[in-house]
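The values are calculated or read from the model by the stated rules, or taken from the named source; none is laboratory data. Keep in mind that this is a model prediction, so the values were computed, not measured. When we count neighbours, we look across all protein chains shown, and the Cβ atoms used for this are built from the backbone with ideal geometry, even at glycine.
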Amino acid sequence: MAKLRNSYSDVLLEISEKRGTLEKDKEQVMVVRDTLESDEVQSFLANPHIPVPVKEELFQNAFSHELAGHVKGFLSYMVGKKREKLIIPALTEYIDSANRRSGRIEAKVVSARALTKEQIESIRRILARQTSLEIMIENKVDPDVIGGFYILMDGHIFDCTVRTELNRMKERLKRGMQ
Amino acid sequence: MIVNIDEISKFIKSQIKTYSYEPDYSEAGTVVQVGDGIARVYGLYGAMSGELLEFPNGTYGMALNLDEDSIGVVIMGSDAGIKEGDPVKLTGRMAEVPVGDSMLGRVVNALGEPIDNKGSIIADSYRKIENIAPSVMMRREVNRPLQTGIKAIDALVPIGKGQRELIIGDRQTGKTAIAIDTIINQKGKDVYCVYVAIGQKASTVARIIKVLNLTGAMAYTTVVLATASDPASLQYIAPYAGCAIAEEWMYRGKDVLIVYDDLSKHAVAYRAISLLLKRPPGREAYPGDVFYLHSRLLERAACLSDEYGGGTLTALPIIETQEGDISAYIPTNVISITDGQIYLEADLFNDGIRPAINPGYSVSRVGGSAQIPAMKKLAGPLRIEFAQYKELAAFSQFGSDLNQDTIDRLNHGERIMEVLIQPQYKPMAVEDQVLMLYALNKGHLKGIELSRIHNFQRDFIHYVDTHAVHIKEEIEKTGDLSDELAEKIEAVIAEVKEQYNYS
């Protein structure tokens with residue numbers, strides 16, 4: 001499944017690059033993904049009793065004027081091939097790859113309390129210096145971390161939470177105070 | 001060691017003083033789904049199979065299914081507090097337990113954490129719970145006996161050091177009793193013991209621990225505990241953890257005995273995990289690798305060659321059958337893996353024959369090479385006579401017109417049965433066993449009433465202990481039964497019979 005998802009997003013990316021519309025396509029794809037993500041739409045698309053033309057009609061009605069031809073083509077191709085379930089994962093992968101190509105990366109910062117703009121900016125600056133990429137930060141609040149924050153970025157974690165420190169201390173106490 | 005509050009606060013203070021702020025950097029994934037002790041984690045492309053993963057609440061998990069775009073993790077502890085979207089860290093470590101002499105006398109859970117309120121364990125070192133079994137070149141043949149202290153076993157199905165002997169039978173037939181008696185009998189024999197309780201009631205295990213404490217056996221025993229209320233993941237790793245603790249001593253050249261009580265519940269726990277991980281079910285809904293589950297565990301029992309320290313690890317796995325069905329999936333698997341089995345029968349148990357060993361189905365594939373010569377001499381004919389008695393007893397029920405030879409054989413058989421009956425928690429030294437079997441073998445019990453045989457045994461052993469200790473010392477020293485010694489024993493038996501009025 002993962003392979004299939006990647007190859008769809010790769011092909012779409014290739015077309016966008018060839019046409020030089022990567023940025024514009026990415027924005028369109030983000031709109032499509034956000035729209036199709038709802039449970040209702042997903043179950044509609046996955047229903048095998050609904051004929052393909054009806055599903056295509058949905059795309060037509062929803063995004064007829066806004067979408068580029070190849071993005072629309074991608075959607076009808078997926079529906080025609082009965083791979084409706086792969087649409088969202090393939091589009092997500094496309095957005096991630098497009099971001100990476102244009103030197104951008106998403107980072108999730110989770111803290112016990114909401115961070116101020118200055119704090120987020122300083123985290124962004126440091127991360128940008130370390131990775132030489134443009135960082136887009138999403139701040140989430142989770143009181144369970146007790147204090148501090150952790151950053152999830154590109155499959156890695158920078159953990160500076162009090163919760164982790166306490167867990168580490170507990171582990172060392174259990175192992176006999178070395 | 002008991003940790004006092006002063007010490008802890010001192011430690012915490014020193015930690016705070018030397019506190020350095022170092023962010024933890026590692027590969028991380030996110031929890032997509034959690035429930036039933038299983039988590040599905042997205043990301044973590046660098047995870048190894050079996051690697052420990054850390055959840056934010058400090059609980060560890062083990063990566064078991066490495067799928068294309070997510071991994072299936074069993075949570076080793078409570079899954080409360082883990083929620084969707086939580087980060088999961090790679091640790092780069094496999095599951096390990098503390099090992100070494102500090103484990104003696106302790107009760108620990110499947111992760112090696114103490115649960116006996118005796119303070120923390122200062123471990124010599126840590127050992128991975130999954131290890132490769134010793135290779136062919138590291139082993140040598142099993143040739144030293146491991147005395148269970150149970151006459152029926154030491155005579156008919158002897159166990160050698162480094163052997164794997166299965167104890168199999170229905171519920172309530174005395175399986176655990178045999179294992180516990182064997183542990184008790186290792187007192188003063190320089191054998192370390194590990195008792196692994198898997199999926200049992202906590203009350204049962206509490207009773208066993210009490211017995212071990214009362215008999216002084218706890219001093220050389222470690223109890224690894226995963227009760228029925230523990231998560232299936234802990235029940236799954238408990239025998240491997242126990243084996244790692246035992247293995248450490250074996251590689252240090254010690255003789256070790258490990259009891260897995262019981263492997264049927266272990267297979268059930270593994271089945272639960274496998275089904276939750278959506279692995280395809282096979283026969284009796286067990287996964288395809290349930291044979292490997294037990295074979296890789298029991299292969300770790302070994303008798304090491306002298307170049308590798310000469311240590312031994314004897315394994316006594318226990319399997320509970322349903323309605324005496326030993327042809328079910330798990331029993332047949334474990335029977336084929338082990339070097340023999342002790343088969344216990346509910347009918348015998350109810351007839352008052354305890355231990356309820358069925359000598360027909362019980363076998364030890366190491367056999368005579370794991371017996372002292374004196375025992376070997378006496379046990380040889382015993383097996384045949386016992387089998388003959390069983391056949392005759394069934395036959396004689398049809399008629400009363402029996403010739404003298406048949407009556408003699410039947411009488412002798414009844415006496416064999418009576419001698420092999422032994423109460424729980426009363427293991428018998430091998431020298432005493434030899435003396436009693438000698439009396440039986442030479443027909444000295446012929447004239448004694450069945451009901452008085454146990455009295456005779458008590459008086460006979462007592463007499464030897466008080467008046468002829470040299471006999472026992474010689475058996476202990478040489479392990480053999482010379483003609484000269486036999487004469488001395490004959491004399492003692494005659495003396496006892498006369499003095500206590502048996503005949």
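List of remarks:
- Of all residues in the range A:1-55 being within 14 Å of A:Lys82 (Cα to Cα) and not in a helix (DSSP H, G or I), the one that is nearest to the other protein chains (Cβ to nearest Cβ): A:Met1
- Flag: B:Glu27 matches the condition of being facing chain A (nearest Cβ under 8 Å), surrounded by fewer than 21 Cβ atoms within 10 Å (Cβ to Cβ) and of a type outside the set (Ser, Thr, Tyr).
- Positions within the range A:148-163 being touching a helix residue (DSSP H, G or I) at 6+ places or on another chain (Cβ under 8 Å), within 9 Å of chain B (Cβ to nearest Cβ) and among the β-branched types (Val, Ile, Thr), in sequence order: A:Ile151, A:Thr161
- Annotation: B:Gln388 fulfils all but one of (1) surrounded by 19 or more Cβ atoms within 10 Å (Cβ to Cβ); (2) at pLDDT below 90; the unmet one is (1).
- Helices (runs of 4 or more DSSP H) wholly inside the range B:171-265 containing at least 3 residues that are under 19 Å from B:Asn131 (Cα atoms) and among the basic types (Lys, Arg): none
- Against the numbered list (1) within 14 Å of another protein chain (Cβ to nearest Cβ); (2) under 30 Å from A:Leu4 (Cα atoms), A:Ser102 comes up short only at (1).
- The set of residues in the range B:375-397 that are within 26 Å of the chain's Cα centre (by Cα) and touching a residue at least 24 places away in the same chain (Cβ under 8 Å) comprises B:Met375, B:Ala379, B:Arg383.
- Given (1) more than 10 Å from every other protein chain (Cβ to nearest Cβ); (2) buried (at least 17 other Cβ atoms within 10 Å of the Cβ); (3) in a strand (DSSP E or B), number of the condition B:Lys89 does not satisfy: (1)
- Given (1) over 20 Å from B:Ser26 (Cα atoms); (2) in contact with a helix residue (DSSP H, G or I) (Cβ under 8 Å, 6 or more places away or on another chain), number of the condition A:Val145 does not satisfy: (1)
Residue by residue, here is whether (1) of a type in the set (Lys, Arg); (2) more than 9 Å from chain A (Cβ to nearest Cβ); (3) free of Cβ contacts under 8 Å to residues at least 40 places away in the same chain; (4) touching a Cys at 6+ places or on another chain (Cβ under 6 Å) holds:
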| residue | (1), (2), (3), (4) |
| --- | --- |
| B:Ile8 | no, no, yes, no |
| B:Lys17 | yes, yes, yes, no |
| B:Pro23 | no, no, yes, yes |
| B:Val31 | no, yes, no, no |
| B:Tyr42 | no, yes, yes, no |
| B:Tyr45 | no, no, yes, no |
| B:Leu64 | no, yes, no, no |
| B:Asp67 | no, no, yes, no |
| B:Met76 | no, yes, no, no |
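- Members of the range B:400-414 that are more than 22 Å from B:Asp351 (Cα to Cα) and either under 35 Å from the mean Cα position of the chain (by Cα) or of a type outside the set (D, E, K, R) (or both): B:Ser400, B:Leu402, B:Asn403, B:Gln404, B:Thr406
- Subset of the range B:117-140 [more than 20 Å from the chain's Cα centre (by Cα), in contact (Cβ under 8 Å) with a residue 12 or more places away in the chain and in a loop (DSSP other than H, G, I, E, B)]: B:Lys118, B:Gly119, B:Ser120, B:Ile121, B:Ile122, B:Ala123, B:Asp124, B:Arg140
- Qualifying position, being assigned to a helix (DSSP H, G or I) and either outside the structural domain of A:Leu12 (by TED's automatic domain parsing) or within 25 Å of B:Asp69 (Cβ to Cβ) (or both), among A:Lys72, A:Lys85, A:Lys108: A:Lys85
- Residue in the range B:354-368 that is farther than 30 Å from B:Asp480 by Cα and in a helix (DSSP H, G or I) present: no
- The range B:106-139, residues that are among the aliphatic types (A, V, I, L, M) and farther than 18 Å from B:Trp249 by Cβ: B:Ala110, B:Leu111, B:Ile115, B:Val136, B:Met137
- Residue within the range A:106-116 that is closer than 25 Å to A:Gly20 by Cα and more than 9 Å from chain B (Cβ to nearest Cβ) present: yes
Residue-wise test of (1) closer than 18 Å to B:Tyr195 by Cβ; (2) touching a Lys or Arg at 6+ places or on another chain (Cβ under 9 Å).
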| position | (1), (2) |
| --- | --- |
| B:Met103 | yes, no |
| B:Val108 | yes, no |
| B:Ile129 | yes, no |
| B:Gln147 | yes, yes |
| B:Ile150 | yes, no |
| B:Ile153 | yes, no |
| B:Pro158 | no, yes |
| B:Arg164 | yes, no |
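- Checking each residue in the range B:430-459 for being of a type in the set (Lys, Arg) and over 30 Å from B:Lys187 (Cβ atoms) picks out B:Lys442, B:Lys446.
Residues checked against (1) at pLDDT 95 or above; (2) small (Gly, Ala, Ser); (3) closer than 18 Å to B:Ala95 by Cβ:
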position	(1), (2), (3)
B:Gly216	yes, yes, no
B:Ala219	yes, yes, no
B:Val224	yes, no, yes
B:Ala228	yes, yes, no
B:Gly242	yes, yes, yes
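- Scanning the range B:36-48 for residues that are out of contact with any helix residue (DSSP H, G or I) (no Cβ under 8 Å at 6 or more places or on another chain) and either at positive phi or of a type in the set (D, E, K, R) (or both) yields B:Arg40, B:Gly43, B:Leu44.
- In the range A:113-131, the residues that are in contact (Cβ under 8 Å) with a residue 24 or more places away in the chain form Cβ pairs under 9 Å with partners that are surrounded by 11 or more Cβ atoms within 10 Å (Cβ to Cβ) and acidic (Asp, Glu), at six or more places apart or across chains, as follows: A:Thr131/A:Asp154.
- The range B:42-63, residues that are in a strand (DSSP E or B) and either within 23 Å of A:Glu165 (Cα to Cα) or modelled with pLDDT of 95 or more (or both): B:Glu51, B:Leu52, B:Leu53, B:Glu54, B:Tyr60, B:Gly61, B:Met62, B:Ala63
- Lone qualifier among A:Val32, A:Val109 - being more than 23 Å from A:Asn6 (Cα to Cα), under 18 Å from the mean Cα position of the chain (by Cα) and surrounded by 17 or more Cβ atoms within 10 Å (Cβ to Cβ): A:Val109
- Condition check for A:Leu173: in contact with a Ser or Thr (Cβ under 8 Å, 6 or more places away or on another chain) and either more than 7 Å from chain B (Cβ to nearest Cβ) or assigned to a helix (DSSP H, G or I) (or both): yes
- Scan of the range A:123-147 for residues that are in contact with a Ser or Thr (Cβ under 9 Å, 6 or more places away or on another chain) and more than 8 Å from chain B (Cβ to nearest Cβ), ordered by number: A:Glu134, A:Asn139, A:Lys140, A:Val141, A:Asp142, A:Ile146, A:Gly147
- Wholly enclosed helices (runs of 4 or more DSSP H) of the range B:425-494 bearing at least 3 residues surrounded by fewer than 18 Cβ atoms within 10 Å (Cβ to Cβ): B:453-467, B:469-478
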